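Following: one structure in structure tokens, then a few remarks.
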Amino acid sequence: MSVDTDLETDLDLDLGEGATDDADAGDLASVSLWEGDEGGLAHEQRHALVTLLKQRFISARTHPRDWKVLVEHERVLRGRLNDLFLDLQVDRAREVAWKRQATSETGSRFPTLLYDAAWSREETLVLVHLRDRLRAGHAGGETRVFVDRDDVVDHVESFRPAHATDEAGDEKRARNAVTSIVKAGLLIGAPGDDRFEISEAVEPLLPLELLQELLDALRRTNGTTPQEPAAEDDLFAPDPTDPSGRDEAGEQA
């Protein structure tokens, strides 16, 4: 599966507080933030754009200010991302937005700021488990779904092949996978916490068809039969990029 990682530190700009949301993006004088600034976006629009570039995703839960700006100025921000050969994906029902690499109508590749890096086996197991727990929680009427670190680690370890003997190493990899998913923003909390909230972004970033593909791969690898996902009739957002990997900053931009 694919999600986006942060762009590097030269995009880590502190733009401060400035122009209002209703600033005219076409009036350069009204949106200029420094001498010689020829940008056409208001401050809040630029802030949201930088956040979209830096983060794998933004949501109303994790980035409320940027989410509000994105909803109000989606077309403008989409256009700026398109200028970088990136496509904006928005799931308004779950209030999540993310970017993916654009592909030409002929299927050729555009220049990209991103490159594919595959999730590890353990990270994939964590993501599948989180999606299952999130759906079960919502079906049970929970508006916010939480999970314990040990529960996630135990789930990953339940997929250990019969021939595996390095239990300590397997547990370490499982715990590292949890930490990686926390850093990705799909588990909400501090890396050292023992309990996390599952981000709503898990579902649109892990659509049903990709989930089934991952489960089938795990069956073939381990010779086990993971729990089948429940039938789903609702429409999921498309996979952000190539299902084989996650997008990362490719040119240290």
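The values are calculated or read from the model by the stated rules, or taken from the named source; none is laboratory data. Not measured: the values here are computed from a predicted model. Here the Cβ is made from the backbone with ideal geometry for all residues, glycine too, and neighbour counts use every protein chain on show. SASA here: full protein model, heavy atoms, side chains in, ligands and nucleic acids out. Shrake-Rupley method; radii C 1.70, N 1.55, O 1.52, S 1.80 Å.
Regarding the range 164-185, can at least one residue be identified that is touching a Leu at 6+ places or on another chain (Cβ under 8 Å) and under 30 Å from residue 80 (Cα atoms)? Yes; the residues of the range 164-185 include at least one that is touching a Leu at 6+ places or on another chain (Cβ under 8 Å) and under 30 Å from residue 80 (Cα atoms). Selection over the range 174-191 of residues that are closer than 15 Å to residue 148 by Cα and in a loop (DSSP other than H, G, I, E, B) gives a count of 4.
Each row is one residue, and each column tells you yes or no for (1) in contact with a Leu (Cβ under 6 Å, 6 or more places away or on another chain); (2) under 18 Å from residue 45 (Cα atoms); (3) not in a strand (DSSP E or B).
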site	(1), (2), (3)
75	no, yes, yes
79	no, yes, yes
89	no, yes, no
97	yes, yes, no
105	no, no, yes
112	no, no, yes
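With respect to the stated conditions, residue 98 is under 22 Å from residue 184 (Cα atoms) and touching a Phe, Trp or Tyr at 6+ places or on another chain (Cβ under 6 Å). Residue selection: residue 210 satisfies the criterion of being under 30 Å from residue 88 (Cβ atoms), at pLDDT below 90 and outside any loop (DSSP other than H, G, I, E, B).
Please verify whether the range 174-191 includes one or more residues that are under 19 Å from residue 120 (Cα atoms), open to solvent by 40 Å² or more (accessible area, probe 1.4 Å) and either of a type in the set (A, V, I, L, M, F, W, C) or at pLDDT 90 or above (or both).
Of the range 174-191, the ones under 19 Å from residue 120 (Cα atoms) are 174-187, 191.
Pick out the ones that are also open to solvent by 40 Å² or more (accessible area, probe 1.4 Å) and you get 175-176, 183, 191.
Checking the rest, the ones that are also either of a type in the set (A, V, I, L, M, F, W, C) or at pLDDT 90 or above (or both) come to 175-176.
Within the range 174-191 (the criterion being under 19 Å from residue 120 (Cα atoms), open to solvent by 40 Å² or more (accessible area, probe 1.4 Å) and either of a type in the set (A, V, I, L, M, F, W, C) or at pLDDT 90 or above (or both)), the answer is yes, since at least one residue qualifies.
Within the range 152-168, the residues that satisfy the criterion of being exposed (fewer than 13 other Cβ atoms within 10 Å of the Cβ) and of a type in the set (Asp, Glu) are 166, 167. Summed over the range 32-90, the residues that are of a type in the set (Phe, Trp, Tyr), open to solvent by 40 Å² or more (accessible area, probe 1.4 Å) and either touching a residue at least 12 places away in the same chain (Cβ under 8 Å) or under 22 Å from residue 201 (Cβ atoms) (or both) give a count of 1. Within the set 142, 171, 200, 122, the sole residue that is of a type in the set (D, E, K, R), outside any helix (DSSP H, G or I), at pLDDT 85 or above and surrounded by 15 or more Cβ atoms within 10 Å (Cβ to Cβ) turns out to be 200.
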